[in-house]
Structure formats: structure tokens, C-alpha cells
1. Return the long-range amide H neighbours of Lys22 (sequence gap of 5 or more, or a different chain), with a cut-off of under 5 Å between placed amide H atoms.
2. Highest mean first, what order results for 224-230, 565-571 on Cβ atoms within 10 Å?
3. Taking the Cα centre of the range 492-648 as origin, sum charge times position over the Cβ atoms of Lys and Arg (+1) and Asp and Glu (-1), and report the length of that vector in debye to the nearest 20.
4. Counting Lys +1, Arg +1, Asp -1, Glu -1, what net charge surrounds Asp641 among other residues with beta carbon under 9 Å of its beta carbon?
5. If Arg668, Arg202 are ordered by their accessible area, calculated over protein heavy atoms with a 1.4 Å probe, which sequence runs from highest to lowest?
6. How big is the accessible area of Phe506 in square angstrom, nearest 10, if you roll a 1.4 angstrom probe over the protein chains?
7. What does the accessible area per residue of the range 492-648 come to in Å², with a 1.4 Å probe and no ligands, DNA or RNA counted?
8. Please report the relative contact order for the range 492-648, taking Cα pairs under 8 Å with a sequence separation of at least 6, and give it as a percent rounded to a whole number.
Amino acid sequence: MAQTEKKGGLLRKSSASKKPLKEKVVLMYDEIFTTEDPSKCNPRFWEELFLMKVNLEYLEGKLEALDGEELMKIKDNINCLFQHCIQALGEDHPIRVVNALQTLCALIRGVHQKNKSTSGFDIINMLVGFDKAELCMKNLMESLDSLLCAEGSESLKSLCLKLLLCLVTVTDNISQNTILEYVMINSIFEAILQILSSPLSRREHGYDAVVLLALLVNYRKYESVNPYIVKLSIVDDEATLNGMGLVIAQALSEYNRQYKDKEEEHQTGFFSALTNMVGSMFIADADEKISVQTNEAILLALYEAVHLNRNFITVLAQSHPEMGLMTTPTSPVPTTPVTPLGTTPPSSDVISSAELPLDADVQTSNLLITFLKYSSIVMQDTKDEHRLHSGKLCLIILTCIAEDQYANAFLHDDNMNFRVNLHRMPMRHRKKAADKNLPCRPLVCAVLDLMVEFIVTHMMKEFPMDLYIRCIQIVHKLLCYQKKCRVRLHYTWRELWSALINLLKFLMSNETVLLAKHNIFTLALMVVNLFNMFITYGDTFLPTPSSYDELYYEIIRMHQNFDNLYSMVLRLSTNAGQWKEPASKVTHALVNIRAIINHFNPKIESYAAVNHISQLSEDQVLEVVRSNYDTLTLKLQDGLDQYERYSEQHKEAAFFKELVRSISINVRKNLAFNTLSQELLLKEFSTIS
């Protein structure tokens, strides 16, 4: 018997046959694409249509094949199809509901393809007609809301979310998508929260729900009152916020795990053998090839939660087992595969602390630790545009955290110690740190480690000035909290001081190249003022008096760098050029550092001469420092512990507009509506008579 093949809506026998046979649903689509009302000859046309398995490929292809004029001729039938889809959503027959949802997805995508160059109003008119738009969209949103909140099929919920993601991302710039006005008026916010608060729904749909919420929050956020922003900012339900945090933590953990797996592949593979043979000259090149696609969508969701909702800050510190180390309990197989949205979705279920009890032998983690590890990976390589955007967003999130009083309280809490294994860029002049030797410390130490790591590893010709400024600002904000609350943090401050001095050295060495692109004096001033902060207030937050002595030792030991910086800024501040004013600010800021150098250097030289020592040890220099504080005169500098608070609208609007555009394109590209096989659906809806 001849095999039957199916292709593009055509049924044909593999042996030579006269004419390929069309599926019934394809014949019905063809009737819709005429100027006649298809229900004239067959009153049960629409009823029958939604019992047929949807042929997405054919329907979308048919829409794309028409030009604008041809599409306008069949506008009434398209409107009719759209309205009957909405009616079918309210029916009890699940197969009809599924087919209606898939048809709506195909319609929206197909019409969008024809309206790329025109406004959203044309899309609304083509889909539903201006006169019926308000009522139809209200009915659509109410039906989707009911399906998402119902106890019923997980497959239907999955399709509802995909339809909503399709609606939201129908245009690259979501703020130009007029369809979203109806999503604003007929809010599905509570339905999204319900998904996030329920462990079962969250496992199945949490990822899509979080991405959808992040996109909706960004609709015309600077131009009008967005109800999703307002509602997200006042959510205080613990289960919902924790649910959102767990979805984000799982997605970031999955990224970290994929990166670690690839890193291990490289270490055990051919390249590792080659580098062992010929030394470490290839290390940087080898590492550049370790690439896992970044996940800006989930990072945007984390940003919006941290930025808008003060209550979410508590979720950052909510303990759960290390996701990379735990065994996931078995769960029912989802009826629909999770579709990737800009990245590979989490492979294991999202676990809440209630679902998986903590084991004393398992390293506990939290969302902040997972995020810091993620940041340490994406911030390694800022040459790639997506990683640059991800790195910038990571630093913006850390900026919001560093400004928050409650976040600082748990960051600096001595009773909340964690071992945070950050990823460090392979560099020729340093050995890879052993993970097991990491101490348990307050979380702020990991934040400072991340900032030091970034400072040390990004001094290059393509200098990421913006990221450096954000990095120094985060350190400054943390110091302001420590000074204000007199928190004496036991941290290896010398690593930070050394990194900052090397950064100044780099700026001076590359003055000509960098000045052609950047105002390096803004960054230099910020670095110098960090030292001024330590000099002026260090006695209130450095852990011991000897730490303060070590600060002076580092300044004296590296005095040549400060002398060279002073010479450079003095030269530029005395010339009538464009850098005169910014350079003179650095000149004034160096007054106390120069006072320390000029006060102690002669004393050290005198001590060496009297004791006939050519090279003083560190202890001997510290002895000179301690015995000569009394005669040191410093100027009191104002405003060192003040900073300008983060403001998205005034400074970051362009960045977020471009980021959301990129995410919208990515989500649309990766959406798949045909992941539900008819067999699975029939199995799930086996109760259908």
C-alpha cells in the first residue's frame, strides 16, 4: 500500500497520482481567503473550523503571500475569523479552545508580517476592525484571564501565555504596539501573579509569565501611567514575590551551569592539552570561545522587580539549596515543551524552599549569589554587544541594591555568611583560585570582589568607560553605607586599593588614546575620591587601626602613580583646552593624598638614613607612619559621602528602549505555537465525548 505524505497542507500518495489532495482545514482556509462570506453556503462553517487541527504553516504562509491590497479585500473575513476565535475561547470544548488560540497566534503573526512598515492601528483594523476593537479585545483579554486562572489544562495556559507574548512582541518597539493599549485597560496582572504563586503553575509557566510581565512593564513607561508598573511596585504577597525570585534564580542558575559545563569541556579537551604543552599563551583565546547565549529577558525581569518593588529586596536573600548541586525531585512531564525565549529555558523544575527542605550538608544559596555568579560570567567579555548590554544591566541592578538600606543591612550582616565562587577571567600573571579555599563571608565581600575583578580585567584599548564608572559608583555607595552605619567590614581592602591605583596608572599610560574617546578625568576623580573617603572616614569603617595604617602604606608605596597623575592634571588644567575644568577638579581632589606623600616620604628617608638601611621593610615603614600621624595636616573635604541616586528615566531611557527592542525581537523569533501535538492534546482531553 502506498505511503501517504503530508506537506504544506497537501495530502498525496508517494506513487504518481493525478492531483494532490488538500486537507479539509486547508480548503476551509482557502474559503476564508475569498471575498465571499464562507458561512453563506455552510452555516456550520465556523463551528467545524475549530474542530480541525490548525495548519499554522499554511495559514501564515497564505497571509504572507498576499499584498496589502489583496489583504484589504478579504478584511471582513479576517475580522470574522478573529471574532469567531474569541467566541470559541469561551466554549467548554478544549480542542476548540486550543485550535482558536493557535489560529489567533497565526493571524496576529501573519497580519504583522504584512504591516511591518505601517502603524499598529492598521494591524488592529485588519484583525478586528476599528468599530468592534474595544469590545472584541475586552472579550479576548477576559477569556485569556479566565483560562490562566482556571484549574484546567496546563496546555491551554501555556498557549494563552504564548498568544500574549505574540501580542506584546508583534512590533519591534513595543511602545509603538497599539494593541497593547487593550492589554493595559484589561489587565492580566493578577493572572500572572497567580501563576507565580502556585508551585505547579510556576514550574510549567513561570518563565513565560516572568518574561511577559517584564515586557508589559516597559510599554510606554515614560509617556503614560502603566498599570503594570503601578501594580508591580505594591505587590507584598510573600509567596508571589518568592515565586518570581525562584523563576529568575532557576534561569540564571541554568546559564551558570551551562557555562561551567562548557568551561570544563575546554579544560579537558584538546585546547587544554595544547596550552599545557606550550604554556599559557593561548588561555585568553581559549576562554573567548566559551560562549553561552546571555538571557537579557530574565535579567530585565530581575531589574524591574528590584527597581520597582522594595519588598522584592527580601527575596534576594531568601535561602535555597545551591541549584547546581541539588537533585530535582521527579515531577509530571509537562504536556507542552517550554519554548526558549532568548535562551535555553531551565531544564529542571523551579524549587521553592517549601518544596525542597534544606540539607545541612548542601551549600545554601540565594538569588543574589546566583546573580553575582551570572554577573561574573557575562562581565568577563564585554566585546560582544549582548554581553556588554548584560554587563551594563548587571551593574545597574547592583547599583539599585547598593542604594537600598535594607539590602545593605543583609549584605553587611555578619550572621549571613556565604561562600561565593565567582568566575575569574584566566590571566597569565595569576593562578586560578581553588574553589574550596573560599572563606564564608558577608555577601558584600562578594560584591566588592566582583567590582575588583572587573577593574583588574578590563584595562584595554576598547575601554568600557561607562561600566567602569558604574563599578566605582557601586563601591562608593557601599562605603557610604559602611561609614553611615559604622560597619567595620573584614575585607582584603588592599586588593581594592591596588586595583584602583593600577586603574589610575592605566589611564595615565593611555592618556592620548583614551582622551580621543572619553573624559578620563571623571573616572580619575571618582577613584581619587574613593581614596579620600578612606583617608577622611576610614577610621570609622576600616576593621582595625592597622588597616588604616596599611592604607597610608599603599599610598606611600605607590606614590609615583599619584605624583604622575598630579603632573598630568596640572599640565592640562593650566592649558586653555577642553580638559581644563575636569582636570583642575582632580588637582584639587589630590590635595590630601599629596599631603600624605609629602609628609611621610621625608620621614621615611630620614629613618632609613639614621638607621643605615637601604630598603625599609613594610613593618619599618608602618612604624614611621604610626609615629608621625600627629604632625600630619589634612584638609576636610565636603561631600565625599554624598552621591546622586540612580534615576532610570533621565539617564537610562535610551538604553532600556534599545534593550527591550532586542528582547522583543528575540522573544518573537523563538516563539513556537505548534509545540502541542494533537496526540498529546487528545490524551490530555481524553474526557471529551
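1. So Lys22 has HN proximity to Leu11.
2. 565-571, 224-230
3. Numbers: 12 positive and 17 negative charges, 117 e Å.
With only Lys, Arg, Asp and Glu charged at Cβ, the dipole is about 560 debye.
4. Working: positive: Lys483, Lys484; negative: none.
Once positives and negatives cancel, what remains is +2.
5. On the way: Arg668 50, Arg202 10 Å².
Per-residue accessible area, sorted high to low, gives Arg668, Arg202.
6. Only protein atoms counted, so the area is about 30 Å².
7. Numbers: 7700 Å² over 157 residues.
Per residue, the range 492-648 has 49 Å² of solvent-accessible surface.
8. 26
The values are calculated or read from the model by the stated rules, or taken from the named source; none is laboratory data. Bear in mind the structure is a predicted one, so any value in this text is a computation, not a measurement. A quick note on method: Cβ atoms are made from the backbone with ideal geometry, for glycine too, and the neighbour counts reach across all protein chains shown. Ligands, DNA and RNA are stripped out before the accessible areas are found, and what is left, the full protein with its side chains, is counted by its heavy atoms. Shrake-Rupley method; radii C 1.70, N 1.55, O 1.52, S 1.80 Å.
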